[in-house]
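Before any comments, here is the structure.
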Amino acid sequence: MQIYLPIAELPISVLMVLGLSGAVGFISGLFGVGGGFLLTPLLIFLDIPPAVAVATVAAQVAGSSMTGVLTYLRRKALDLKLGGVLVSGGIVGTVLGVLFFNTMKRLGQLELVITLSYVTLFSIIGGLMLYDALRAMLRVRAGKPARLKRRGGMHPWWMGLPFRVRFYRSGLYCSVLPIALLAIVIGFIGAVLGVGGGFILVPGLIYFFRIPPAVVVGTSLFQILVTMTGATLLHAVTNQSVDIVLAVLLLLGGVIGAQFGGRAARNLNVESFRLLLALLILSVGLRFAIELFIPPGEPFSVVVPESAR
Amino acid sequence: MRWFTAILAAFAVGLAADAVRAETLIAAMSSHQIQITSNYTGSQLTVFGLVERDGRTVARGDPYDIIVTVRGPRRMLLVREKERLGPIWINRTQRRFADNPVFLHVASNRPIAEMMSNETARRDRIGLVNAERPTGGWVDLDPGARRFRESLVRIMQGKGLYDYEERGVTFLSSALFSAPVDIPATAPTGSYTVDIVLYSGGVPLARQQTNFEVIKTGIEQRLASGAYDWAVLYGLATILLALFLGWGASVIFRRD
């Protein structure tokens, strides 16, 4: 069954989109990430214009993180104060990101920026996660605790910068400056790549600020919910590139898949999942690296500038 | 005496032109509007035509040839070429084709190369590469322009938006012909022009133009225009819908 997408201006198979978003939703529920980093490239691969893919996935990520936020709110695993700081930074980053996105599109280098960012981000983060997961697995094999104990009194220098604030639920006493910077970077990346940024925010909060993982996921979902809501609105107003029909299809598949993924996550070994997620992120990076480094079969490409519509 | 010969010459030229214009083309479309609804997956139209000859026309030694050119809505197109920069490949040079049709369909009853010379095809802008050739001879001197135009045609053919059917026109009788035109679902909305040219022995005898349009209707049209005219409202509606579906999922799948 095909349905015509009014903004993307092409018909698409309903079952295929539901299956795709369901599978991505399953992965996102499983690993606690938004899944936008998988969905956006897949949609572009299906001939959906990149601008429409990025903007529409923002709406989808907003909807699917809503589900997560409600769940974590019920479990009281959400630090609203920390979330507030992340959101303020995220909004600044999103606005900058949308401006940058439109500038690059005008210059004709948007595709390059997106490809380069995917390659560097995913290789670095995937590589770090893989290293961490392997080390944890080896430690478990050797009969030691999986993670090094947090040492009291030892704090990285950035936590001691001015404007220190106490975040009770996260057990954190830290300067707001580095947290806001992290949030700005993630808002920026999110707006440019159409990803929620959960896969950067979660490890960032755990490794840089040593916040308990249980609170991190809920809080990061909250930040993603707010920034992606803002990004959807900005894309709708500045680009008119949000396809509401596609968004609904993606949401239906995504939220249902995420529920099943969330259930599967409870039954299975955490360490091997971290390893799988690392490999998944690395392979996405590799897929984009191939595009960048291998001589193209067709060096030419044709685009219709959005502004000329 | 000189003015007399001038008039005589003009008269002779007029007669010759009359003889050339002895054939006229009559054309009709099977439909003048394609409506895009939510289950739209492309459409097909047929161009019908009749070559009409008046009684005085002498029988021609060469058969009639018909070329149908369908041009879609015009947009600015950018053609970019990837080049090597250090270890990576990036878009370096680009050429803009202002006012270029996004859809182009050329159909003939036999291969164009058999009908006319290359020069005629270029002069009369016949064929995919020639159809949008800018007028002015100097353009052909720029080898880059031709390379980019040929790449443009090749890529658009790959997308199914440009298409040449060398036997896409069928003569139903010696004077009546039809040409089906496939409009893929990815073809843009807007107005399309259909040019029909009659050739015989490599000489154009008559031409005719008609048109049709592709429009979004119903909910598709309302959503698309809403996204532009009510951008803020449209964005808010999308967000509300997204949050509602997210909330709904957490309620439905709640375990307790």
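The values are calculated or read from the model by the stated rules, or taken from the named source; none is laboratory data. On a predicted model such as this, the values are computed, not experimentally measured, just so you know. Glycine also receives a Cβ, built like all others from the backbone with ideal geometry; neighbour counts cover every protein chain displayed.
Key figures for this structure:
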{"item": "Flag for B:Val79 being farther than 30 Å from B:Ala27 by Cβ, in contact with a helix residue (DSSP H, G or I) (Cβ under 9 Å, 6 or more places away or on another chain), among the hydrophobic types (A, V, I, L, M, F, W, C) and buried (at least 20 other Cβ atoms within 10 Å of the Cβ)", "result": "yes"}
{"item": "Strands (runs of 3 or more DSSP E) (entirely within the stretch B:33-120) containing at least 3 residues that are within 23 Å of B:Phe212 (Cα to Cα) and more than 14 Å from chain A (Cβ to nearest Cβ)", "result": "B:43-53, B:64-71, B:104-108"}
{"item": "Selected residue [out of contact with any Ser or Thr (no Cβ under 6 Å at 6 or more places or on another chain), under 22 Å from B:Ile126 (Cα atoms), of a type outside the set (S, T, N, Q) and modelled with pLDDT under 80] from B:Val20, B:Val47, B:Val68, B:Val58", "result": "B:Val20"}
{"item": "Matching residues in the stretch B:141-160 - criterion: being closer than 22 Å to B:Tyr40 by Cβ and surrounded by 20 or more Cβ atoms within 10 Å (Cβ to Cβ)", "result": "B:Met156"}
{"item": "In the stretch B:238-253, the residues that are in a helix (DSSP H, G or I), within 7 Å of chain A (Cβ to nearest Cβ) and not polar (S, T, N, Q)", "result": "B:Ile239, B:Leu241, B:Ala242, B:Leu243, B:Leu245, B:Gly246, B:Trp247, B:Ala249"}
{"item": "Subset of the stretch A:5-33 that is in contact (Cβ under 8 Å) with a residue 60 or more places away in the chain and outside any helix (DSSP H, G or I) - its residue that is nearest to the other protein chains (Cβ to nearest Cβ)", "result": "A:Pro6"}
{"item": "Meets criteria (more than 11 Å from chain B (Cβ to nearest Cβ), farther than 30 Å from B:Phe148 by Cβ and either in a helix (DSSP H, G or I) or over 22 Å from the mean Cα position of the chain (by Cα) (or both)) for A:Ile281", "result": "yes"}
{"item": "Breaking point among (1) over 20 Å from the mean Cα position of the chain (by Cα); (2) at negative phi, for A:Asp79", "result": "(1)"}
{"item": "Top-ranked residue in the stretch B:181-225 [being in contact with a Phe, Trp or Tyr (Cβ under 7 Å, 6 or more places away or on another chain) and charged (D, E, K, R); ranked as farthest from the other protein chains (Cβ to nearest Cβ)]", "result": "B:Glu213"}
{"item": "Enumeration of residues in the stretch A:244-257 that are over 18 Å from the mean Cα position of the chain (by Cα) and at the interface with chain B (Cβ under 8 Å from one of its Cβ atoms)", "result": "A:Ile244, A:Val245, A:Val248, A:Leu252, A:Ile256"}
{"item": "Long-range neighbours under 7 Å by Cβ, at least six apart or interchain, first residue in contact (Cβ under 8 Å) with a residue 60 or more places away in the chain and within 15 Å of B:Pro134 (Cβ to Cβ) within the stretch B:144-157, second among the basic types (Lys, Arg) and surrounded by fewer than 19 Cβ atoms within 10 Å (Cβ to Cβ)", "result": "B:Phe148/B:Arg95"}
{"item": "Test: residue in the stretch A:132-143 that is surrounded by 14 or more Cβ atoms within 10 Å (Cβ to Cβ), at pLDDT 85 or above and out of contact with any Pro (no Cβ under 6 Å at 6 or more places or on another chain)", "result": "yes"}
{"item": "Members of the stretch A:234-247 that are in a helix (DSSP H, G or I) and crowded, with 24+ Cβ neighbours inside 10 Å", "result": "A:His235, A:Ala236, A:Leu246, A:Ala247"}
{"item": "Number of positions in the stretch A:288-305 that are more than 30 Å from B:Pro188 (Cβ to Cβ) and either loosely packed, with under 14 Cβ neighbours inside 10 Å or of a type in the set (Lys, Arg) (or both)", "result": "4"}
{"item": "Qualifying residue in the stretch A:223-234 (condition: away from every other protein chain (no Cβ under 14 Å) and either modelled with pLDDT of 80 or more or in contact with a Phe, Trp or Tyr (Cβ under 6 Å, 6 or more places away or on another chain) (or both))", "result": "yes"}
